[in-house]
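Only one structure is covered here, and it is reproduced in the block below.
The values are calculated or read from the model by the stated rules, or taken from the named source; none is laboratory data. Small disclaimer: the values here were computed from a predicted structure and weren't measured. Here the Cβ is made from the backbone with ideal geometry for all residues, glycine too, and neighbour counts use every protein chain on show. Accessible surface areas use protein heavy atoms only, side chains included; no ligands, DNA or RNA. Shrake-Rupley method; radii C 1.70, N 1.55, O 1.52, S 1.80 Å.
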Amino acid sequence: MTLIDEERTRRTLDRLASQEIELPSWAFGNSGTRFRVFGQPGVPRDPFEKVADAAQVHAHTGLAPAVALHIPWDLVDDFGKLRAHAEDHGVRIGTINSNTFQDEAYKLGSLSHSDTAVRRKAIEHHLECIDVMRATGSQDLKIWLADGTNYAGQDDMRARQDRLAESLAEIYAALDAEHRLVLEYKFFEPAFYHTDVPDWGTSYAQVSALGERAVVCLDTGHHAPGTNIEFIVMQLLRLGKLGSFDFNSRNYADDDLIVGAADPFQLFRIMYEVVRGGGLDPASGVVFMLDQCHNIERKIPGQIRSVLNVQEMTARALLVDTDALRAAQAAGDVLGAHEVFMDAFYTDVRPLLADWRESRGLPADPLAAYAASGYQETVDAERVGGTQAGWGA
Ligand code: AOS
Ligand code: ZN
Ligand code: ZN
């Protein structure tokens with residue numbers, strides 16, 4: 001077994017220093033399944049409180065300086081005020097997520113709908129999101145579409161693809177020079193026969209037609225079981241089109257569970273390809289976002305656990321002895337190469353990261369520090385009538 005040497009450890013910690021993970025505002029509200037939403041005490045009543053909760057995650061981990069918003073869930077009268085509020089709490093506003101999946105008008109689609117009036121409504125919504133980006137300083141407009149059909153023959157899939165391209169082109173043209181359009185794919189749900197952006201290939205084809213500032217979002221829960229997600233990560237990085245991640249984990253469908261919980265090894269393999277493809281360099285533009293719902297566990301600790309999981313698997317991926325790996329690969333040493341890879345995966349980096357955190361003025365154990373901080377008890381007592389993630393103010 002290869003021992004992890006000191007020099008590689010030092011390099012790993014240096015690279016981790018610039019890692020940033022973006023939190024979803026909706027992770028802090030009540031959420032559930034179609035069977036039940038379990039309400040929790042202390043959940044935020046408005047976007048300002050969601051941002052304050054997200055800031056707690058950053059305060060205890062130093063890892064999460066940005067909060068993604070969802071429009072209209074996070075609509076406020078004055079986005080400049082929300083931006084200032086975020087900055088006062090030591091965080092910034094990140095990705096703006098659009099929403100064309102809740103209105104009655106979108107039952108048969110939004111940006112790909114056959115009715116010009118519905119498409120216009122959906123495009124206008126995205127133009128409003130771009131205004132929110134201007135007011136908040138956000139750089140990314142993320143689009144996930146529920147568009148699709150339930151039955152073969154229900155609609156013309158080819159025509160829908162063409163209309164989608166036209167709609168996206170209009171939205172892309174409205175972006176400012178520093179903005180990006182990020183198109184998320186998902187293989188099914190809520191549509192059960194076909195989805196208009198079901199896979200990375202379709203997203204890649206659509207964003208490539210738009211231009212350089214249009215990129216793909218990879219949500220780790222949006223693939224068929226057994227899909228080799230790290231291969232997609234590799235390919236999108238190779239093509240210069242990996243814009244962002246929506247991290248979460250899944251056992252069955254789009255479970256939105258804590259990232260790395262269901263399959264830590266998969267998260268390691270993904271992070272290895274991120275490192276290998278240069279995606280950890282800030283210049284790559286890859287945004288590491290979480291897209292999770294904490295239905296039964298507490299929200300803030302759930303997010304703390306998640307960002308730590310991403311950091312731990314990033315550290316392990318950075319510990320791979322790439323010289324030894326390449327040598328084994330070049331020699332056709334199948335088992336040797338695999339062993340080098342697994343040595344890094346099996347390295348327990350938690351004590352190392354705890355020491356490193358302390359050396360940076362952060363708590364060695366962020367979850368314990370949060371529990372001891374009294375924040376949860378305070379908001380549990382103060383906030384009455386918190387909202388559901390999706391439908392709240
Ligand atoms: C939906 O399945 C997607 O993951 C989107 O990213 C969505 O906007 C987000 O989950 C909030 O509901
Ligand atoms: Zn997502
Ligand atoms: Zn999803």
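Find which of Ala117, Leu257, Pro282 sits farthest along the positive direction of the dipole of the chain, computed with +1 on the beta-carbon of Lys and Arg, -1 on that of Asp and Glu, about the Cα centre.
Farthest along the dipole direction, towards plus: Ala117.
Compute for the range 327-393: radius of gyration divided by Kirkwood radius, i.e. Rg/Rh, restricted to C-alpha atoms, rounded to two decimals.
Over the Cα atoms of the range 327-393, Rg/Rh equals 1.33.
Give me, ordered by chain and number, the residues 5 or more places off Val182 or on other chains with an amide H under 5 Å from its own placed amide H.
The answer is Leu141, Lys142, Ile143, Val215.
With +1 on the Cβ of every Lys and Arg and -1 on the Cβ of every Asp and Glu, and nothing else charged, how large is the dipole of the chain about its Cα centre, in debye rounded to the nearest 20?
Dipole about the Cα centre, nearest 20: 160 debye.
Check Gly94: other-chain or 5+ apart residues with amide H under 5 Å from its amide H, H built from backbone geometry?
Residues meeting the amide H criterion: Val67, Ala68, Leu69.
Considering only Asn30, Leu141, His223, whose Cα is most displaced toward the positive end of the charge dipole of the chain, charges sitting on Cβ of Lys, Arg (+1) and Asp, Glu (-1)?
His223
Kindly provide the trypsin sites (Lys or Arg not before Pro) of the range 11-101 that DSSP labels as loop, not H, G, I, E or B, and whose Cβ sees at most 10 other Cβ atoms within 10 Å.
Those satisfying the criteria are Arg34, Arg36.
Find the relative contact order for the chain and round it to a whole percent, using C-alpha pairs within less than 8 Å whose residues are 6+ positions apart.
Averaging sequence separation for qualifying contacts and normalising by length gives 23 percent for the chain.
If you roll a 1.4 angstrom probe over the protein chains with everything in place, what fraction of the accessible area of the range 321-385 belongs to carbon and sulfur, to the nearest %?
Of the solvent-accessible surface of the range 321-385, carbon and sulfur hold 56 percent.
What does the helix-only formula give at 222 nm for the chain: each DSSP H stretch with n ≥ 4 adding -39500 (n - 2.57), the total divided by the residues, and the result rounded to the nearest 500 deg cm²/dmol?
That calculation yields -14000 deg cm²/dmol at 222 nm.
Would you mind working out the accessible area per residue for the range 224-327, using a 1.4 Å probe, and quoting it in Å²?
Roughly 36 Å² per residue, with all protein chains present.
Using each residue's phi in the range 166-181, evaluate 6.51 cos²θ - 1.76 cosθ + 1.60 at θ = phi - 60° and report the 3J(HN,Hα) Karplus result to the nearest Hz, with x for Gly and Pro.
Result, rounded to whole Hz: 5, 4, 4, 4, 5, 5, 4, 5, 8, 6, 7, 4, 8, 8, 10, 9.
If you wrap the range 1-116's Cα atoms in a convex hull and average its projection over all directions, what's the area in nm²?
If you wrap the Cα atoms of the range 1-116 in a convex hull and average its projections, you get 13.0 nm².
Taking H as built 1.01 Å from N, whose amide H comes closer than 5 Å to the amide H of Gly221, not counting residues under 5 places away?
Asn248
Given axes a ≥ b ≥ c from the Cα gyration tensor, I'd like to know whether the chain is rounded (a/c under 1.5), prolate (a/b larger than b/c) or oblate.
Oblate, since a/c reaches 1.5 and b/c is not below a/b.
Report the full-extension gain for the segment Ala159 to Thr33: residue separation times 0.36 nm, less the Cα-Cα distance, to one decimal in nm.
Full extension from Ala159 to Thr33 adds 42.1 nm.
May I ask which residue of Cys129, Gly80, Thr195 lies farthest towards the positive end of the charge dipole of the chain, with charges of +1 (Lys, Arg) and -1 (Asp, Glu) on Cβ and the Cα centre as origin?
Comparing the listed Cα positions along the dipole, Thr195 ranks first.
Shape call for the range 234-286 from the C-alpha gyration tensor, a ≥ b ≥ c root eigenvalues: rounded (a/c under 1.5), prolate (a/b greater than b/c) or oblate?
Here the range 234-286 falls in the prolate category.
What is the Cα centroid distance between the range 103-140 and the range 246-295, reported in whole angstrom?
Value for the Cα centre distance between the two parts: 27 Å.
For the range 243-388, what log10 I(q)/I(0) values come out of the Debye formula at q = 0.08, 0.11, 0.18 1/Å, with one point per alpha carbon and no solvent?
The Cα Debye sum returns log10 ratios of -0.29, -0.54, -1.19.
Treating the beta-carbon of each Lys and Arg as +1 and of each Asp and Glu as -1, no other charges, what is the dipole magnitude of the range 142-245 about its Cα centre, to the nearest 20 debye?
Dipole of the range 142-245, to the nearest 20 debye: 240 debye.
Sort 301-314, 322-335, 183-196, 153-166 by packing, meaning the average of other beta carbons within 10 Å per residue, with the highest value first. Can you show the working numbers first?
Working: 301-314: 23.0, 322-335: 13.0, 183-196: 18.1, 153-166: 14.7.
Averaged packing, sorted descending, gives the order 301-314, 183-196, 153-166, 322-335.
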